[in-house]
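> Have a look at this one before I ask anything.
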Amino acid sequence: MESSLKQELLKLTHGRALFDVALSRFTTLGVGGPAWVWIAPESLDELRNVVEFTSFHNVPYCVVGKGSNILVSDKGYAGVAISLERGFLYSAFTERSSGIEAEVGAGLSLKEVLVRCIKSGYGGLEFAAGIPGTVGGAVSMNAGAYGGEMRDVVRWVEGINRSAILRTISSDELLFEYRRLKLEQGFIITRAGLELLKRPVMEVKKRVQEFLRKRSLQPKEKYSAGSIFKNPEGDSAGKLIEEAGFKGYAQGGARISERHANWIVANGKAKADDIFAIMKKVQEAVKVKFGVTLEPEITFLGFNHL
């Protein structure tokens, strides 16, 4: 990045922009080359300034969250990686006769929201127990498990588009799909409104513990990204991958987990190319054997889509 652009970004972020930062530090797979810039805005105004900068200079940007749903190329990302985990951590819960209204910042982790829910007896979000991500990331991918998903509790989202215009989108305008929320390209969720239920504290705690117990059966390796492919309608991606003979298949420092065939785990020395190559081979094999095209659940940065 040109020196003049770096100086401009440093000014916009009060000297906190970091350049040529390895994104492997910010992804749960532990892979990925450097981003041109990594920024954690402290306020909505600062975020808007950064987005306006990217639009004016035609520089791409992405939100990295906790990096649990991203595969970054070994060559890196020629753009601005944005983290909302500095200035978007607020939360407010209001008890009403109709239920609990929660306003939560997009940078807040689901775990932190659930801790509050358990302490206060707020139900409806228990299915998210153990999902490693931020509120913004969970909403944008309609995260879910065990019969629940974010669309069940989200009532509105607030965010900015590529023009840095702030918008609030109500639930009747939100287009949720399986593991996806359709938003205009480049839209950054900054805050979400959730509708929860008042339940006995011990009931909420018991439900969370049960979901965590189920998740304890999943692979335990340090470097992974959860499910790699979406489940085809009426079927299981993990079952198809296993029946195609790929359970335990390895390339370089990555392999398909022996415990769950829809998980790819890495050994800390893996390359993004290893993971991408495994995904491509799996996708091709399942297509040939079953006639099913597996759709990736993760986001690619610096790669062409499978």
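The values are calculated or read from the model by the stated rules, or taken from the named source; none is laboratory data. Keep in mind that what you see is a predicted model, and the values were worked out from it rather than measured. FYI the Cβ positions are ideal-geometry reconstructions off the backbone, even for glycines, and counts take in every protein chain you see.
> Using the structure shown, decide if VAL208 is in contact with an Asp or Glu (Cβ under 8 Å, 6 or more places away or on another chain), in contact (Cβ under 8 Å) with a residue 12 or more places away in the chain and closer than 30 Å to ILE118 by Cα.
Values: in contact with an Asp or Glu (Cβ under 8 Å, 6 or more places away or on another chain): yes; in contact (Cβ under 8 Å) with a residue 12 or more places away in the chain: yes; closer than 30 Å to ILE118 by Cα: yes.
It is true that VAL208 is in contact with an Asp or Glu (Cβ under 8 Å, 6 or more places away or on another chain), in contact (Cβ under 8 Å) with a residue 12 or more places away in the chain and closer than 30 Å to ILE118 by Cα.
> Tell me, please, whether a residue that is under 17 Å from THR299 (Cβ atoms), touching a Lys or Arg at 6+ places or on another chain (Cβ under 7 Å) and surrounded by 15 or more Cβ atoms within 10 Å (Cβ to Cβ) can be found in segment 139-157.
The answer is yes, given that some residue of segment 139-157 is under 17 Å from THR299 (Cβ atoms), touching a Lys or Arg at 6+ places or on another chain (Cβ under 7 Å) and surrounded by 15 or more Cβ atoms within 10 Å (Cβ to Cβ).
> Identify, from the list VAL288, VAL265, the residue that is β-branched (Val, Ile, Thr), surrounded by fewer than 21 Cβ atoms within 10 Å (Cβ to Cβ) and either in contact (Cβ under 8 Å) with a residue 24 or more places away in the chain or not in a loop (DSSP other than H, G, I, E, B) (or both).
Working: VAL265 fails: surrounded by fewer than 21 Cβ atoms within 10 Å (Cβ to Cβ).
VAL288 is the lone residue from the list that is β-branched (Val, Ile, Thr), surrounded by fewer than 21 Cβ atoms within 10 Å (Cβ to Cβ) and either in contact (Cβ under 8 Å) with a residue 24 or more places away in the chain or not in a loop (DSSP other than H, G, I, E, B) (or both).
> Limited to segment 129-143, what total is found for residues that are touching a residue at least 40 places away in the same chain (Cβ under 8 Å) and assigned to a helix (DSSP H, G or I)?
The total comes to 5.
> Output the residues belonging to segment 35-50 that are under 11 Å from GLY79 (Cβ atoms) and surrounded by fewer than 22 Cβ atoms within 10 Å (Cβ to Cβ).
Listed by number, the list holds a single entry, TRP36.
> Please verify whether LYS206 is part of a helix (DSSP H, G or I), of a type in the set (Lys, Arg) and outside the structural domain of PHE127 (by TED's automatic domain parsing), treating the condition exactly as stated. It would help to see each step written out before you state the result.
On the way: part of a helix (DSSP H, G or I): yes; of a type in the set (Lys, Arg): yes; outside the structural domain of PHE127 (by TED's automatic domain parsing): no.
No, not satisfied.
> Okay, next question. Would you say PHE53 is buried (at least 18 other Cβ atoms within 10 Å of the Cβ) and at pLDDT 95 or above? Quick ask: steps written out before the conclusion?
Numbers: buried (at least 18 other Cβ atoms within 10 Å of the Cβ): yes; at pLDDT 95 or above: yes.
Taking the combined requirement at face value, the residue satisfies it.
> Restricting the search to segment 42-76, which residues are of a type in the set (Ser, Thr, Tyr), within 22 Å of the chain's Cα centre (by Cα) and assigned to a helix (DSSP H, G or I)?
Across segment 42-76, the qualifying residue is only THR54.
> A further question follows. Taking segment 115-128 only, how many residues are outside any loop (DSSP other than H, G, I, E, B), out of contact with any Lys or Arg (no Cβ under 7 Å at 6 or more places or on another chain) and surrounded by fewer than 22 Cβ atoms within 10 Å (Cβ to Cβ)?
5
> List every residue pair whose Cβ atoms sit under 6 Å apart, with the two residues 6 or more apart in sequence or on different chains, where the first one lies in segment 13-34 and is over 27 Å from ILE264 (Cα atoms) and at pLDDT below 95 and the second, anywhere, is crowded, with 21+ Cβ neighbours inside 10 Å and not aromatic (Phe, Trp, Tyr).
Final answer for the pair search is THR13/ILE39; ALA17/LEU9; ALA17/VAL37; ALA17/ILE39.
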